[in-house]
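Below is one structure, written out as structure tokens; comments come after it.
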Amino acid sequence: MNTLIHFASPQIPLLHRGKVRDSLRAPSGDRLIIVTDRLSAFDSVLETAIPHKGAVLNGLANFWFEKTAHIIPNHVIKLIDANAMLVKEAEPIKVEMVVRNYITGSMLRGYQKGQRTFSGVTVPEGLTKHQQFPAPIVTPTTKEESDREITPENLVSEGWVTKELYDQMAVKSLMLFAVGSKLLAEKGIILVDTKYEFGLLNGKLILIDEMHTPDSSRFWSAEDYAKNPETVEQMDKEYVRQWLIANKKDGQYPRALTPEVAQEASRRYLAIYERIVGEPLPTAEPETADAPGSGRHDARARLLANLVAAGILKDAWVNIVMDSPADKDHCEKIRQQFEGYDVFTQLRVTSAHTNGEAIAGMAEIWNTSIEPGVIIAVAGLGSALAANVNVPVISCPPYKDYAELAMNLNSSVIMPSGTPNLTVVRPDNAAQGALRALNLPRLRQQLSKDILATKAKLRAADEEFKQL
Ligand SMILES: Nc1ncnc2c1ncn2[C@@H]1O[C@H](COP(=O)(O)OP(=O)(O)OP(=O)(O)O)[C@@H](O)[C@H]1O
Ligand SMILES: [Mg+2]
């Protein structure tokens with residue numbers, strides 16, 4: 001199956017690209033969170049994506065948000081796709097509510113150096129590696145460039161959150177942790193620690209971000225813990241981490257995994273999902289004889305279809321790019337031709353000569369967009385764009401008269417190698433060419449109907465005129 005490693009579309013603005021998730025602004029104003037298959041280990045994102053990892057994380061977060069909605073409302077509006085969640089935009093509280101039930105990780109390292117108080121919480125003497133605390137503790141951090149351990153008192157005095165809200169967050173965090181620990185314990189999994197994020201929606205506290213996923217929590221197998229608490233490992237990532245350590249070269253971890261290691265990591269994520277939810281991840285079910293290549297295995301195609309069905313994206317885009325606002329009317333003329341075809345159109349302005357650097361940013365989105373697209377370039381831009389993008393570029397130069405057209409055409413038609421710019425003189429033909437370049441089955445059907453309608457019109461005219 002193919003993986004989802006990056007999400008981009010010229011139709012919706014990117015809000016934030018995290019290590020694993022890409023957040024965008026949906027047309028409704030809500031936040032669209034795309035959980036990709038990226039994996040981060042040792043604080044950097046690997047080049048290899050893990051099949052199904054995004055769907056596992058998104059599915060698990062959704063599962064937990066549903067299970068805990070009676071404790072606190074959350075941001076979920078709808079699971080749009082296995083890899084996508086539409087959520088309400090909240091005013092985020094810049095605090096990570098970390099809840100821990102066992103001493104491990106950075107806290108264990110601090111403890112071994114003699115630290116006993118963490119974010120204002122003092123823990124007992126004599127704890128051994130991975131020992132359980134008498135009760136779960138909340139050790140908040142700030143959410144900034146590098147997160148900082150901080151006491152609740154300082155969170156309040158530094159203005160991160162009010163005391164009243166902090167107290168609510170602490171109570172809710174412990175309640176959520178209790179529900180999570182209990183349910184996971186029934187599945188033989190220990191919820192070691194996790195973090196929650198909260199936000200305000202119309203002045204009310206809600207739970208945001210992700211919840212009880214392997215990326216926001218540590219899971220241990222209860223069986224392994226019982227055998228030897230000190231050697232127990234994180235159920236999801238530890239396998240990849242160990243492989244990276246074993247394959248370190250010149251002090252550097254590998255940037256990519258072998259296909260076998262990625263497959264094994266994928267298998268482990270799927271097993272965690274199935275163990276927690278009690279059924280296999282729906283999008284990972286093997287293809288059946290009656291539904292071979294049903295599309296479920298093509299994560300990108302499935303995601304696009306679901307985003308289109310939800311009204312968040314159109315299934316294709318056309319960007320009409322001018323190098324000067326003076327060409328706006330000409331661009332509008334081209335744009336009008338797309339009416340009735342349900343394609344996303346947008347006008348853009350950039351000058352290859354004056355702000356060529358902007359082209360790189362636009363090209364990045366065009367080149368990686370989830371949906372197919374075509375660029376129509378006006379005036380001299382076609383070559384600069386065609387040389388930088390992997391979608392069709394059609395040049396449609398504006399002209400005052402044929403003398404000017406003859407001049408413009410040369411610069412548009414004679415192109416160096418590696419500059420596959422296509423030139424069409426009439427705005428309506430440029431648009432028609434773009435619709436054909438998109439090559440979508442639904443557009444091809446519609447264009448066939450257009451062709452038949454034109455023929456019928458001609459036949460009707462012939463019938464009429466021959467009587468005269
Ligand atoms: N419903 C929401 N409303 C507003 N902001 C939200 C909402 N849900 C999540 N966020 C914020 O969106 C951001 C998501 O970032 P994300 O987790 O993808 O990357 P990151 O936190 O910057 O880095 P990392 O990849 O290390 O986690 C977080 O700052 C989170 O607080
Ligand atoms: Mg985050």
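Nothing in this text is a laboratory measurement; each read-out follows from the coordinates by a stated rule. Nothing here was measured: the structure is a model prediction, and the numbers come from that model. Glycine also receives a Cβ, built like all others from the backbone with ideal geometry; neighbour counts cover every protein chain displayed.
Centroid-to-centroid, using Cα positions, segment 344-365 and segment 304-323 are 17 Å apart.
What share of Cα pairs, in percent, lie more than 33 angstrom apart in the chain? Could the numbers behind the result be given before it?
On the way: 54845 of 109278 pairs.
When every Cα pair of the chain is considered, 50 percent fall beyond 33 Å.
One chain, two ends: Q242 and A358. Fully extended at 0.36 nm per residue, the span grows by 37.6 nm beyond their Cα-Cα distance.
Taking amide H atoms as placed 1.01 Å from N in the peptide plane, the amide H of A41 lies under 5 Å from those of L46, each 5 or more residues away in sequence or on another chain.
Mind jotting down the distance between the C-alpha centroids of segment 384-446 and segment 242-272, whole Å? Cα centres, segment 242-272 to segment 384-446: 45 Å.
Here the Karplus relation 6.51 cos²θ - 1.76 cosθ + 1.60, evaluated at θ = phi - 60°, turns the backbone of segment 311-324 into coupling constants of x, 8, 10, 7, 7, 7, 10, 10, 9, 9, 10, 10, 9, 7 Hz, with x for every Gly and Pro. Normalised radius of gyration (Cα atoms, divided by 2.2 N^0.38 Å) for segment 315-441: 0.97. Near N74, the amide H atoms lying under 5 Å from its own belong to L207; only residues 5 or more places off or on other chains count, and H is placed 1.01 Å from N. Report the label-to-label distance for L200 and A256 in nanometres (one decimal), using points 7 Å from each Cα along the Cα→Cβ vector. If labels sit at L200 and A256, their model points lie 4.8 nm apart. Dipole check for the chain: with +1 at the C-beta of Lys and Arg, -1 at the C-beta of Asp and Glu, and the Cα centre as origin, the magnitude is about 240 Debye.
Kyte-Doolittle cut-off -0.5, length cut-off 30 Å along the helix's own axis using Cα: show which whole DSSP H helices in the chain pass. Before the final figure, lay out the partial values.
On the way: long enough: 163-186 (35 Å, 0.43); 441-467 (40 Å, -1.00).
In the chain, the long hydrophobic H runs are 163-186.
What the Cβ-Cβ distance of E164 and V121 gives, at R0 = 30 Å and to the nearest 0.05, is a FRET efficiency of 0.90. A simple spin-label model places the labels of N228 and Q467 9.7 nm from each other, with each point 7 Å out along Cα-to-Cβ. Only Cα sites of segment 91-231 enter the Debye sum here, all with the same form factor; the resulting log10 I(q)/I(0) across q = 0.14, 0.17 1/Å is -0.67, -0.97, listed in q order. Compute the separation of the alpha-carbon centres of segment 1-67 and segment 179-234 and state it in Å as a whole number. First find each Cα centre; the distance between them is then 19 Å. 7 Å from Cα along Cα→Cβ at both N439 and D43: what's the point-to-point distance in nm? Taking the simple label geometry, N439 and D43 are separated by 4.5 nm.
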